[in-house]
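Peer 1: Just passing along the structure, written as structure tokens.
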Amino acid sequence: MTNIIIGIFLLLGGFFALIAAIGVLRLPDVLTRMHASTKAGVLGSSLILIGGAIYLAETEVTARVVATILFLMLTSPIGAHMIGRASVRGLTQKHDKVEND
Amino acid sequence: MTSAAFLDLSIYASFIMVMLSLAIAFIRLAKGPTLADRVVALDMMTVTIIAVCGVVVVGTGEAALLDVALVLALVGFLATVALARFAERRDARQEESADD
């Protein structure tokens, strides 16, 4: 039973990581790419790390996983905000569908 | 199918998916028209490598890779912030020199 739960966590995490990467490749400009990478990417790696914590089932490991996930969820909005602020000046000229994809 | 076989299969499948997403993010890193695109792709790759660490933890039972994941989360944030500040200041400097 535990194995099946771990496997489902891993598959979901890999699926979300793949969705995030496809979004980073296919979406038209920086802000939408950032939206894909920060949300779906963090969700995917968090799910995979939770799977690892269930697999090992030790207190230190779980604490480390919780620290990693908290840190990811705390810092990725800050990083995205900084990239967005840095790039928004260049985006005002061509926010329409990008021609040089 | 037994549950152990399902776990093995899902480890392989998620490893393939995560590696594929790493390769796709690298394509955006190589192509990305602006510096901000490249920073976003690099950030995405860091998060994906954290996911690779998680998959390898389940595959081998080696708990030390979780430390790698934690340190990578810390360092990746610093790299993103440093590159974003660099891009912002570079744009400001270019505008300043265009005004002169």
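FYI, it's all coordinate maths here, none of it is from the lab. Source: prediction; values computed, not measured. Note that each Cβ is placed from the backbone with ideal geometry, even for glycine, and that neighbours are counted across all protein chains shown.
Peer 1: Please give the average number of partner chain Cβ atoms lying within 10 Å of the Cβ of each residue in B:82-94, rounded to a whole number. Walk me through the numbers on the way to the answer.
Peer 2: Working: counts 1, 4, 10, 3, 1, 7, 7, 1, 1, 5, 2, 0, 1.
Counting other chains' Cβ atoms within 10 Å and averaging over B:82-94 gives 3.
Peer 1: Among A:40, A:23, A:4, whose Cα projects farthest towards the positive end of the dipole of segment A:2-87, with charges put on the beta-carbon of Lys, Arg (+1) and Asp, Glu (-1)?
Peer 2: Sorting the options by dipole projection puts first A:23.
Peer 1: What percentage of all Cα-Cα pairs in segment B:3-99 are separated by more than 20 Å?
Peer 2: Result: 51 percent of Cα pairs exceed 20 Å.
Peer 1: Also, quick follow-up: Arranged by the count of other C-beta atoms within 10 angstrom, fewest first, what order do B:1, A:34 take?
Peer 2: Ranked by crowding around the Cβ, least crowded first: B:1, A:34.
Peer 1: Over chain A, one equal point on each Cα, no solvent: what is log10 I(q)/I(0) by the Debye formula at q = 0.10, 0.13, 0.20 Å⁻¹?
Peer 2: With one equal scatterer per Cα and no solvent, log10 I(q)/I(0) is -0.37, -0.56, -0.98.
Peer 1: A further question follows. Take the Cα gyration tensor of the protein assembly as shown, multiply each eigenvalue by 5, square-root it, and list the three semi-axes largest first, rounded to whole angstrom. Provide the component values of the computation, followed by the final result.
Peer 2: Numbers: eigenvalues 246, 62, 24 Å².
Result for the protein assembly as shown: semi-axes of 35, 18, 11 Å.
Peer 1: Give me the dipole magnitude in Debye, nearest 20, for segment B:4-68 about the Cα centre, with unit charges on the beta carbon: positive for Lys and Arg, negative for Asp and Glu.
Peer 2: Taking the Cα centre of segment B:4-68 as origin, the dipole is about 320 debye.
Peer 1: Show me, for segment B:58-69, the HN-Hα J-couplings you get by feeding each phi into the Karplus relation (A = 6.51, B = -1.76, C = 1.60, θ = phi - 60°), rounded to Hz, glycine and proline as x.
Peer 2: 5, x, 10, x, 8, 6, 5, 5, 5, 5, 4, 4
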